[in-house]
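The values are calculated or read from the model by the stated rules, or taken from the named source; none is laboratory data. Computed from a predicted structure; not experimentally measured. Virtual Cβ from ideal backbone geometry, glycine too; neighbours counted across all protein chains shown.
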Amino acid sequence: MHPNPVYHDADTAKNIAFARDRSFGVLAANGSDGPLISHVPFLLNEAGDQADLHLVRSNPIARALKPALPVKLAISGGDSYVSPDWYDIDDQVPTWNYVAVHLTGTLELRPQEELLDLLDRQSAWFEDRLLPKPPWTTAKMNPVTVQKMMRMIVPCRMRITGVDGTWKLSQNKPDAVRLAAADGVEAHGFGAGTGSLADQMRAAKGA
């Protein structure tokens with residue numbers, strides 16, 4: 001996370017809401033031979049203190065989950081290069097704006113009998129965003145096929161003990177400068193989700 005406190009102006013509720021809406025992140029843990037990394041979808045509960053997810057049995061993190069394992073879950077939003085020319089003021093340097101939330105906690109294996117419910121809850125969460133399409137459910141699959149596939153994955157739960165977010169949106173600049181940079185990001189920026197990043201820059205409070 002960026003060390004400048006000006007970029008940590010979002011409260012816990014805003015960081016949790018962002019993580020819940022995104023529902024996809026990079027899960028990281030310490031391994032005996034170095035960091036273990038997995039890209040995972042997850043479900044964050046209403047209180048924001050636990051995230052449910054599943055891993056393939058052969059995943060090194062899943063293999064290490066006896067006992068529970070300290071982990072971080074990094075959730076990224078929009079990001080973009082910011083050219084100094086977009087500020088319309090002198091003596092500026094290039095930078096990169098982004099939004100990221102880190103969840104810290106402990107990951108544990110859950111009983112295998114919880115897996116089907118987890119898969120149904122996960123698919124429902126994402127399928128609801130595709131309305132008015134009729135939602136996909138595991139009930140549409142052959143039960144034998146479902147059971148066969150579920151033997152390959154394990155349910156997990158992350159107990160969240162810490163939440164931190166970096167919202168680097170040029171809020172260290174005066175409003176007019178920040179808004180000019182947002183226009184540059186929207187028109188010419190490159191990265192990921194540059195349109196949403198530009199909107200967030202416009203909504204941020206300047207120096």
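Mind checking whether some residue in region 186-194 is farther than 23 Å from residue 16 by Cβ, in a helix (DSSP H, G or I), modelled with pLDDT of 95 or more and among the hydroxyl-bearing types (Ser, Thr, Tyr)? Write out each step before concluding.
Pass one, region 186-194, residues farther than 23 Å from residue 16 by Cβ: 186-191, 194.
Okay, now just the ones that are also in a helix (DSSP H, G or I), so 186-188, 194.
Add one more test, that the residue is modelled with pLDDT of 95 or more, and what stays is 186-188, 194.
Within this subset, residues satisfying the condition of being among the hydroxyl-bearing types (Ser, Thr, Tyr) are 194.
Within region 186-194 (the criterion being farther than 23 Å from residue 16 by Cβ, in a helix (DSSP H, G or I), modelled with pLDDT of 95 or more and among the hydroxyl-bearing types (Ser, Thr, Tyr)), the answer is yes, since at least one residue qualifies.
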Exercise for review: Go over the candidates 199, 128 one by one and state the one that is of a type in the set (Asp, Glu), surrounded by fewer than 20 Cβ atoms within 10 Å (Cβ to Cβ) and closer than 26 Å to residue 40 by Cβ.
Suggested key: 128
Point to revise | Residue within region 5-24 that is touching a strand residue (DSSP E or B) at 6+ places or on another chain (Cβ under 7 Å), touching a residue at least 12 places away in the same chain (Cβ under 8 Å), surrounded by fewer than 19 Cβ atoms within 10 Å (Cβ to Cβ) and part of a strand (DSSP E or B) present | key: yes
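Taking only region 47-62 into account, find how many residues are of a type in the set (Asp, Glu) and closer than 14 Å to residue 156 by Cβ.
Taking region 47-62 as the starting set, the residues that turn out to be of a type in the set (Asp, Glu) are 49, 52.
In the following step, the residues that additionally are closer than 14 Å to residue 156 by Cβ were identified as 52.
Of the residues in that region, 1 qualify.
Can you go through 64, 68, 124, 47 and tell me which one is within 30 Å of residue 150 (Cβ to Cβ), touching a residue at least 40 places away in the same chain (Cβ under 8 Å) and not acidic (Asp, Glu)?
Working: 64 fails: touching a residue at least 40 places away in the same chain (Cβ under 8 Å); 124 fails: touching a residue at least 40 places away in the same chain (Cβ under 8 Å); 47 fails: touching a residue at least 40 places away in the same chain (Cβ under 8 Å).
Step by step, each of 64, 68, 124, 47 is checked, and only 68 is within 30 Å of residue 150 (Cβ to Cβ), touching a residue at least 40 places away in the same chain (Cβ under 8 Å) and not acidic (Asp, Glu).
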Check your understanding: Filtering region 93-149 down to residues that are assigned to a helix (DSSP H, G or I) and among the polar types (S, T, N, Q), which residue is farthest from residue 9 (Cα to Cα)?
Key -> 145
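Could you say which residue among 27, 36, 65 is part of a strand (DSSP E or B) and either farther than 14 Å from residue 158 by Cα or modelled with pLDDT under 95 (or both)? Break it down stepwise before answering.
Working: 27 fails: either farther than 14 Å from residue 158 by Cα or modelled with pLDDT under 95 (or both); 65 fails: part of a strand (DSSP E or B).
Answer to the check: 36.
Restricting attention to region 77-86, which residues are in contact with a helix residue (DSSP H, G or I) (Cβ under 8 Å, 6 or more places away or on another chain) and either modelled with pLDDT under 95 or in a strand (DSSP E or B) (or both)? Break it down stepwise before answering.
Initial filter on region 77-86 (in contact with a helix residue (DSSP H, G or I) (Cβ under 8 Å, 6 or more places away or on another chain)): 77-80, 82-83, 85-86.
Within region 77-86, 77, 78, 79, 80, 82 qualify.
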